[in-house]
Every structure is written in C-alpha cells, then in structure tokens.
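K.L.:
Structure provided below as structure tokens; questions to follow.
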Amino acid sequence: MKANTKTINKKILLKVSKISKKIINKTKLLPKTNFAISFLISEIILANLEIENIIFKRNYYPVPAILKVLDNLSYKIDLIKKNNIHSNMTKVLKQPFNKEKSHKQIFNILWSKYTFSQYLKDRIGRYRNRIKINNLKKIIKNKKVIDFGCGHGNFLIAAFMEGCSFGYGIDYGKESINFSNKIKKKLKINKNLKFKVGSVYKTKLKSNSFDVAIQNGVFHHLDKPTLAYKELHRVLKKGGYAWFYTDGFGGIRDILADMSQTILKDVNIDYKLNKIRDLNLSYSKTYHMSDYTNAKYQHYDLKKYTNYLSRIGFTNFIQLNGGTNTDFDKPFLNDKYFDLKFGSGDLRILCQKK
Ligand SMILES: C[S@@+](CC[C@H](N)C(=O)[O-])C[C@H]1O[C@@H](n2cnc3c(N)ncnc32)[C@H](O)[C@@H]1O
C-alpha cells in the first residue's frame, strides 16, 4: 500500500474510532429499561447488517455510507432516550461481562440451538468446503486430529467425513459437547470420534500424540491465549500441522465490532440473545450477529501473529481461504479498499510444529 493511502486510511480509522467512542458514551446514559435496551439491541443489529452490506460491496468506497449508518444510530439512541418516558419502566437484568465465563454461556446457547438439518446445511457443508478448497484432505486423511474449542463439533465432523482416522474435540461448553455427541449418534459415526468437556489450557492428553491440531476461532476469546497455544503445541507431533483461525486487526469492521460488543457487554446474556433471536433473522445471521456483537475478540495482524506463533514453536506459515462470501482473507478477496475495511483481514493459517 502506498504511504499516502496509509496516512489517509489512518485518519479515517481515527475518525471512525472517535465517533464509535461517542456512541458508546451516549449509550451509557440510556436508562436500563426493557424498553430502551430492547430498542438498542435492534438498532445495533440493524446497523451491523447494513455495515456488512456496505463493506462486502466489492471495490466500493465505504466511508460516506458508514458515517451515515453511525449518524443514524446516534440519532436513534437519542430517540430511545427521549421516549423512555413512555416505557413501563421494567428494568433489564444486569450481568457484568466476565470474558471466559460469559463466552461459555454465549456459545453454549448459540451452538446448541441448531436443528439437525441446519447444522448439516450451514455448518458441515461450510467446513467440508474449507477442507476441499484449501487442499487439506491430504493432510488429514488417515490422521489423528484434535480440535481445541470444538463448539458443536462442526469442523471435526467435517474432517471425519473427509477421512481423518481419529478425532478428539474438547470444549468447556457442556451443552455444546452434548450437542456434538447427539449429532455423532445421528450420523452413526463410530467410536473413533470423541467429544469431551474440558479446558483448552489443560487437555490431560499425551504429548506429541496428534498429527493435526485445530484452533478455529477460539483462542482470540481467551484470557491467557499463550497458555492454550503452548498446550496445543505440546500435544502435536513434531512436523504435525496446525490450522489456526483468528480475528484480524486494523479495519473499520474491527472498530465497529468492538463498539457493538462494548455497548451490549453488560446486558444479561439470555435476554440479549433472545432479543436477537426474536428478530427472525436467518439461522446463520442469527448466529453471526449474536457472536459478533457479544463475544470479545482479540485482534492480531498477520506479521505479529506469525511472529508470535514462531516464538511458540511453529513454522512454514501459509494463509488459507475461508471460502464463503462473508469471509475476508486478504489473498483471496480482491477489493481496492480491503485495508480500510478489514485491516489485515481474517487470519486462517496453516503451519507446522518445529
Ligand atoms: C467461536 S466458538 C468456535 C467453535 C468451533 N471451533 C468452530 O469453529 O465452530 C469458540 C468456542 O471456544 C470454546 N471455548 C472458549 N474458551 C474455552 C476454554 N477456555 N476451554 C475450552 N473451550 C473454550 C467455546 O465454548 C466455544 O465453543
């Protein structure tokens, strides 16, 4: 990127960041009534849907449209505050955000809400496709694969369908693991696939015992990510492959995702996820919006991330492709405003244990 474009982008990002802080501060002054918070949740989701429309329009300069959405959101917050006089004044329960505890509750709810057919369509299809387009079949075929923070098991079941000989999924969400086991039963998958409740910090598994390890969108939610990366490194065989997916850094999208999460973070989790569900979005959008506006993400840029992984003991980094039209992996998405919109973009990395 030219130095000039870099400076202009920096200025725009600073401006968006300042506006988002103003919006956050405005929402702090809202009464915590059912009336105000339910309108706020709807407005945040609507704004995020529109932001998504804007940033995924290829080669479209996003700034005026984004500023309009933020301006509109700010105005709506004023209206919510003003019209709270008409509310019946019932209060929404507070639930202070506690990163790992809150994530456990959020993902337990989200992962176990899928129906069998939506799970197969939305989730398994997506991961089988990711394995195919990134030529990972040769890496997993007849191999032992472990999935750290497997959720409801989608990646591991897809890997199993693509030929891995043994799969082990670990997640601290009891309901997610129950759901994975139910799916396994329904699909009549044999004993070589195990899903266990446990912590990614301490798997209690033998060192150097897996050929492939997956960390797909998990460690960026942790309090102590380095501990988890070291644990994953420990159980992987020397030369074994790791698939890492972690959130990128430095675009408009990151600022606005953080803004939404900050605004909603202390609202009771059941309450806000029910409100989002009541909006009647499609399955995948309900999931995506609930995750994106409620979970806390740590952002990494590509260079810092690979340097970090290298210090932990990984090498031979290759950037991979998510493959859906709302993924934004830099080498695979042609957009002249990529850096401004997405910064480093999604980071899907294949690498090996040194
Ligand atoms: C965004 S979800 C990703 C799930 C799955 N890897 C996927 O790609 O579909 C993050 C998952 O990490 C799990 N998780 C977060 N912190 C964890 C921890 N400390 N120990 C075990 N699992 C954890 C959550 O329960 C959740 O299922």
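K.L.:
Among the numbered criteria (1) part of a helix (DSSP H, G or I); (2) closer than 26 Å to Asp223 by Cβ, which single criterion is violated by Lys341?
P.N.:
(2)
K.L.:
So, one more: Quick test of your reading of the structure: Val92 fulfils all but one of (1) touching a residue at least 12 places away in the same chain (Cβ under 8 Å); (2) open to solvent by 40 Å² or more (accessible area, probe 1.4 Å); (3) more than 26 Å from Asn325 (Cα to Cα). Name the failing condition by number.
P.N.:
(2)
K.L.:
Sticking with this structure for a sec: When you scan segment 79-99, do you find a residue that is of a type in the set (A, V, I, L, M, F, W, C), touching a Leu at 6+ places or on another chain (Cβ under 7 Å) and assigned to a helix (DSSP H, G or I), even just one?
P.N.:
Yes: segment 79-99 contains one or more residues that are of a type in the set (A, V, I, L, M, F, W, C), touching a Leu at 6+ places or on another chain (Cβ under 7 Å) and assigned to a helix (DSSP H, G or I).
K.L.:
Select, from Lys296, Lys196, Lys285, Lys238, the only residue that is within 16 Å of the ligand (Cβ to nearest atom), open to solvent by 50 Å² or more (accessible area, probe 1.4 Å) and in a strand (DSSP E or B).
P.N.:
Lys196
K.L.:
Mind checking which residues of segment 211-235 are part of a strand (DSSP E or B) and either open to solvent by 10 Å² or more (accessible area, probe 1.4 Å) or not polar (S, T, N, Q) (or both)?
P.N.:
If the condition is that a residue be part of a strand (DSSP E or B) and either open to solvent by 10 Å² or more (accessible area, probe 1.4 Å) or not polar (S, T, N, Q) (or both), then Asp211, Val212, Ala213, Ile214, Asn216 are the ones that fit.
K.L.:
Let me ask something else. Restricting attention to segment 328-338, report how many residues are surrounded by 18 or more Cβ atoms within 10 Å (Cβ to Cβ) and in a loop (DSSP other than H, G, I, E, B).
P.N.:
Residues flagged as surrounded by 18 or more Cβ atoms within 10 Å (Cβ to Cβ) and in a loop (DSSP other than H, G, I, E, B) within segment 328-338 amount to 4.
K.L.:
If you don't mind, another one. Going residue by residue through segment 248-266, is there one that turns out to be farther than 22 Å from Gln215 by Cβ, of a type in the set (Gly, Ala, Ser), assigned to a helix (DSSP H, G or I) and open to solvent by less than 20 Å² (accessible area, probe 1.4 Å)?
P.N.:
Yes: one or more hits.
K.L.:
Return the residue satisfying two criteria in turn: it lies in segment 277-313 and is among the aromatic types (Phe, Trp, Tyr) and closer than 18 Å to Phe107 by Cα, and of such residues it is modelled with the highest pLDDT.
P.N.:
It comes out as Tyr297.
K.L.:
For segment 166-177, does any single residue satisfy the condition of being part of a strand (DSSP E or B), of a type in the set (Asp, Glu) and farther than 30 Å from Leu14 by Cβ?
P.N.:
yes
K.L.:
With Lys182, Lys206, Lys188, Lys224 as the choices, which residue is over 21 Å from the mean Cα position of the chain (by Cα) and either on the phi > 0 side of the Ramachandran plot or within 15 Å of the ligand (Cβ to nearest atom) (or both)?
P.N.:
Result: Lys188 is the single residue among Lys182, Lys206, Lys188, Lys224 that is over 21 Å from the mean Cα position of the chain (by Cα) and either on the phi > 0 side of the Ramachandran plot or within 15 Å of the ligand (Cβ to nearest atom) (or both).
K.L.:
Considering only residues that are among the aliphatic types (A, V, I, L, M), farther than 21 Å from Asp291 by Cβ and assigned to a helix (DSSP H, G or I), which ones fall in segment 115-164?
P.N.:
Once the filter is applied, which keeps residues that are among the aliphatic types (A, V, I, L, M), farther than 21 Å from Asp291 by Cβ and assigned to a helix (DSSP H, G or I), segment 115-164 yields Ile131, Ile133, Ile139, Ile140, Ala159, Met161.
K.L.:
Give the number of residues within segment 170-204 that are under 18 Å from Leu120 (Cα atoms) and among the hydroxyl-bearing types (Ser, Thr, Tyr).
P.N.:
Going through segment 170-204 one residue at a time, the tally reaches 2.
K.L.:
Condition test on Asn134, is it in the same structural domain as Phe219 (by TED's automatic domain parsing), open to solvent by 10 Å² or more (accessible area, probe 1.4 Å), touching a Lys or Arg at 6+ places or on another chain (Cβ under 9 Å) and closer than 17 Å to Asp327 by Cα?
P.N.:
Yes; evaluated as a whole, the condition is true for this residue.
K.L.:
With the requirement that a residue be of a type in the set (A, V, I, L, M, F, W, C) and closer than 23 Å to Leu350 by Cβ, what does segment 178-216 give you?
P.N.:
Passing the criteria: Leu193, Val200, Leu205, Phe210, Val212, Ala213, Ile214.
K.L.:
Can you go through Lys104, Lys99, Lys91 and tell me which one is within 16 Å of the ligand (Cβ to nearest atom) and in contact with a Lys or Arg (Cβ under 8 Å, 6 or more places away or on another chain)?
P.N.:
Result of the check over Lys104, Lys99, Lys91: Lys99.
K.L.:
Name the single residue, out of those in segment 142-171 being within 7 Å of the ligand (Cβ to nearest atom) and of a type in the set (Asp, Glu), that is farthest from Tyr245 (Cα to Cα).
P.N.:
My answer is Asp171.
K.L.:
Name the one entry in Lys28, Lys32, Lys81, Lys104 that is touching a residue at least 12 places away in the same chain (Cβ under 8 Å), open to solvent by 100 Å² or more (accessible area, probe 1.4 Å) and of a type in the set (Lys, Arg).
P.N.:
One residue alone meets the criteria, Lys81.
K.L.:
Looking at segment 39-78, which of its residues are surrounded by fewer than 16 Cβ atoms within 10 Å (Cβ to Cβ) and among the aromatic types (Phe, Trp, Tyr)?
P.N.:
Tyr60, Tyr61, Tyr75
The values are calculated or read from the model by the stated rules, or taken from the named source; none is laboratory data. Only a predicted model underlies this, so the values are computations on that prediction, with no experimental measurement involved. Counting neighbours? That spans all protein chains shown, and the Cβs are built from the backbone with ideal geometry, glycine included. Ligands, DNA and RNA are excluded from the accessible area calculation, which covers all protein heavy atoms including side chains. Shrake-Rupley method; radii C 1.70, N 1.55, O 1.52, S 1.80 Å.
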